[in-house]
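None of the figures in this text is laboratory data; all of them are computed from the coordinates on show. This structure is a prediction, so every number in the text was calculated from the model and none was measured. Positions of Cβ are backbone-derived with ideal geometry, glycine not excepted, and every protein chain shown enters the neighbour counts.
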Amino acid sequence: MRLFFDARYIRTDFHDGISRYSQELAHALAPLAAEAGIDLVFVIHDTAQIARLPADAVHLGIHAPTSAKEPFTPFVLNRYEPDVVFSPLQTMGSLGRRYRLILTLHDMIYYRHRTPPRNLGAGVRALWRLFHLSYVPQRLTLDGADVVATVSETSRRQFRAVRLTKRPIVVVPNAPQRLADLLPADAPVPGGPPRNVVYMGSFMGYKNVETLVRAMGMLPGRTLHLLSRISPARRAELSALVPEGADVVFHDGVSDAEYAALLADDAVLASTSLDEGYGLPLAEALALGVPVVVSDLEIFHEVAGAGARYVDPMDPAAVADAVRSLDDDAEREALIAEGVAHVSRFRWRASAQTLLDAVRELAPRPPGRSSPGGR
């Protein structure tokens, strides 16, 4: 059997959610595919992506996923006779394909918040908005696949509630990266009374970072670390809200190693988002043994279970109370233990095995195929 994995969403600078999902799943899938005797080919659009692939990966270069050629991708891939193609997003066209296809829709957040990713060009951003004005385009897209993958049970329930696709839906869960591997041997052990509050995520309106900033006025002696890149205009908006005497640091982007070090430094990860597709930083903190204070959202309950303090995201006082409650050693240690136990069920190898099982159900391996790509 020949499986093509669409790796074109792997970024070569800083990961976003789709990029990290693609890379982690690719690395977990490669050894499993080899053990199963499946020919795995990674589809890329930039040779710089090769360094992000598993060692000795077979790769095939085509156009970028933002290209005008994307709806016609099957006419390119058909020449190489894949049995199954898996894409970690749903932009790939399906018309004219001669292979089985698994498309991925991570969540429905862009139907509730239609602002497209900022790294897309103006034309693509306009099409993105139009696409999400109705469920019809998405239904047509997803029904062009044989199977639809998603990253959480919450998303699967939401898809079914609005009848987003007629196709079977398989959950290939997101999972945290192992931040502990990025810490130096002499790094402090995470989990002490929190003197740092860490936020990792974008600064879009629905992320509601304003509540975190306001809560710092009730948390003297602690520092709020805002880790992600931020525009000058948005930074000015949030800076104007910083209470007198509060300590708020804008990092404007950090490496994974810096992120891990900040979480390990007696921190609590916090999010007062009003909506979320998954919440990977939450899972990453839990896996590292760092307590979390987050909005009372369905998806956060799926990711953290009983291992989080849940708060009203519009109530800065509730956020401050939750952070202070973690000064108690027994409460903090019990919460961390719950979080570590719950998040341990999300592992990339298990996710890759779920994907591989779905692939094997779709297509047997036909005989006599040659290799399409390079190493």
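Looking at the stretch 275-299, which of its residues are more than 18 Å from Ala337 (Cβ to Cβ) and within 17 Å of the chain's Cα centre (by Cα)?
Asp275, Glu276, Gly277, Tyr278, Gly279, Leu280, Pro281, Leu297, Glu298, Ile299
Residues in the stretch 56-64: is at least one part of a loop (DSSP other than H, G, I, E, B), within 18 Å of Thr150 (Cα to Cα) and either in contact (Cβ under 8 Å) with a residue 60 or more places away in the chain or touching a strand residue (DSSP E or B) at 6+ places or on another chain (Cβ under 6 Å) (or both)?
No.
Kindly establish whether Gln49 is over 26 Å from Asp275 (Cβ atoms) and in a helix (DSSP H, G or I).
Considered against the rule, which asks whether it is over 26 Å from Asp275 (Cβ atoms) and in a helix (DSSP H, G or I), Gln49 comes out as yes.
Hand me the list of helices (runs of 4 or more DSSP H) wholly inside the stretch 187-289 holding 3 or more residues that are acidic (Asp, Glu) and closer than 19 Å to Arg309 by Cα.
none
Name the residue that is farthest from the chain's Cα centre (by Cα), counting only residues in the stretch 147-173 that are buried (at least 22 other Cβ atoms within 10 Å of the Cβ) and in a strand (DSSP E or B).
Going through the qualifying residues, I end up with Val147.
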